[in-house]
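First comes the structure, then the notes that go with it.
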Amino acid sequence: MMHVDDLLVVGKRDYVLGKFLPELKASYDISVQCVEKPGDELTFLKRQYTLHDDGRLTIQTHEKHITQLCSLLGLNVRNQNKKSPAHADIDKEDYTPDLSSTSATTFRTCVGVLMYLANDVPQTQHVIRHGHLCLTVLRHLVGYLCSHTDICVSLKWGGATGIFHDYPNVDPNEHVLEVFTDSDWASDCVSRRSVSCCIVMFGKCLIYSASRTQKIISLSSAEAEVYACGSGASDAILLARLLTWITNKRTHIYIYTDSSGAKGILNRRGVGRLRHLSCRILWLQDMVGNRKSEVMQHQRPFESR
């Protein structure tokens, strides 16, 4: 990963230390931080990477982001104690007056900081994408972040062939992406648009998550769930191709939904009476039919059987 003159490199120890770094040092003056043994830490793009005794790698955001947000909103970091990211009124209709130009600038600046942090704090992504009640919701979210600075992304490799379920048809040398999707049907009281979310897991590690407002109004909960599956599948296809390109091994995609209606729609051919879904699901039906991905049903997103 490269950002201007900052590089983050992952590879076999002998290659990185014995060949890659000497080549760089021959042409450039560089400083190096390595994570090789438990307790080692490095900082990259204002994130702290720490290797622990049990094999976990944690990725912690820098506290300066939270301090900046509190400064912009006039909040005291020590006085914040919010137990959840979302304000209780987040789904209610917004009757608050328009923000002044100064407040609007502050709001946009804070949202920009939060969008940068979104990958490191996936539990807040649903709120970050929210546009209602502006400063009320924003202040609550920042208060939550102040109260939970110890929560971070924790990665521990658990093997390439899945974590929550067994896949007997997958070769041990092949990869499995498990995609968990969900939707809240017509939750927006004004537009009645639903929200899609997805979590993509690879080898016991969270490699991607997202929360997005759907572009059209879903006419049923099953339809909203189908769109969520489609959104998650699109993300998984890109990630699967990247994994296959990097490792030269086939990558299988398994999509999990808690909607029996969505599963039924995606496991059949054609749209039947749901003609308005035609262009939006036929490509995913084709993937399922050709065994390029499989749709499974689950009751709870992370319940192992």
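Considering the conditions (1) surrounded by fewer than 19 Cβ atoms within 10 Å (Cβ to Cβ); (2) under 21 Å from Thr124 (Cα atoms); (3) of a type outside the set (Asp, Glu), Pro168 is excluded by exactly one of them, (2).
Residue-by-condition table, conditions (1) at pLDDT below 90; (2) crowded, with 16+ Cβ neighbours inside 10 Å; (3) farther than 20 Å from Leu73 by Cβ:
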position	(1), (2), (3)
Cys110	no, yes, no
Leu145	no, yes, no
Trp157	yes, no, yes
Leu177	no, yes, yes
Asp188	yes, yes, yes
Met201	no, yes, yes
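State yes or no: is Asp29 in a loop (DSSP other than H, G, I, E, B) and either under 19 Å from Cys205 (Cα atoms) or under 27 Å from the mean Cα position of the chain (by Cα) (or both)? No, not satisfied.
Selection within the stretch 190-199: residues that are in contact with an Asp or Glu (Cβ under 8 Å, 6 or more places away or on another chain) and outside any strand (DSSP E or B). The member of this set that is least open to solvent (accessible area, probe 1.4 Å) is Ser194. One residue alone among Lys92, Lys82 is open to solvent by 90 Å² or more (accessible area, probe 1.4 Å) and either at pLDDT 85 or above or assigned to a loop (DSSP other than H, G, I, E, B) (or both), and that residue is Lys92.
Looking only at the stretch 209-243, residues that are of a type in the set (S, T, N, Q), open to solvent by 20 Å² or more (accessible area, probe 1.4 Å) and more than 24 Å from Tyr116 (Cα to Cα) come to 2 in all.
Just to be sure before I move on: is Ser211 free of Cβ contacts under 8 Å to residues at least 24 places away in the same chain, closer than 30 Å to Cys152 by Cα and hydroxyl-bearing (Ser, Thr, Tyr) in the structure I sent? Considered against the rule, which asks whether it is free of Cβ contacts under 8 Å to residues at least 24 places away in the same chain, closer than 30 Å to Cys152 by Cα and hydroxyl-bearing (Ser, Thr, Tyr), Ser211 comes out as no. Go through the stretch 244-262 and give me each residue that's crowded, with 20+ Cβ neighbours inside 10 Å and not in a strand (DSSP E or B). Residues satisfying the conditions are Ser259, Ala262.
Table: residues versus (1) free of Cβ contacts under 8 Å to residues at least 60 places away in the same chain; (2) over 24 Å from Cys110 (Cα atoms).
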| site | (1), (2) |
| --- | --- |
| Gln48 | yes, no |
| His52 | yes, yes |
| Ile66 | no, no |
| Leu72 | yes, no |
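Residues that are over 18 Å from Ala210 (Cα atoms), surrounded by 17 or more Cβ atoms within 10 Å (Cβ to Cβ) and not charged (D, E, K, R) occur at least once in the stretch 119-132.
Does Thr50 satisfy the criteria of being at pLDDT 90 or above, outside any helix (DSSP H, G or I) and touching an Asp or Glu at 6+ places or on another chain (Cβ under 6 Å)? Against the criterion (at pLDDT 90 or above, outside any helix (DSSP H, G or I) and touching an Asp or Glu at 6+ places or on another chain (Cβ under 6 Å)), Thr50 qualifies.
Screening Thr161, Thr136 for residues that are open to solvent by 40 Å² or more (accessible area, probe 1.4 Å), of a type outside the set (A, V, I, L, M), modelled with pLDDT under 90 and closer than 30 Å to Thr67 by Cβ leaves exactly one candidate, Thr136.
The values are calculated or read from the model by the stated rules, or taken from the named source; none is laboratory data. Keep in mind it's a predicted model, so treat the numbers as computed, not measured. Heads up, the Cβs are rebuilt from the backbone with ideal geometry, glycines too, and the neighbour counts pull from every protein chain shown. Ligands, DNA and RNA are stripped out before the accessible areas are found, and what is left, the full protein with its side chains, is counted by its heavy atoms. Shrake-Rupley method; radii C 1.70, N 1.55, O 1.52, S 1.80 Å.
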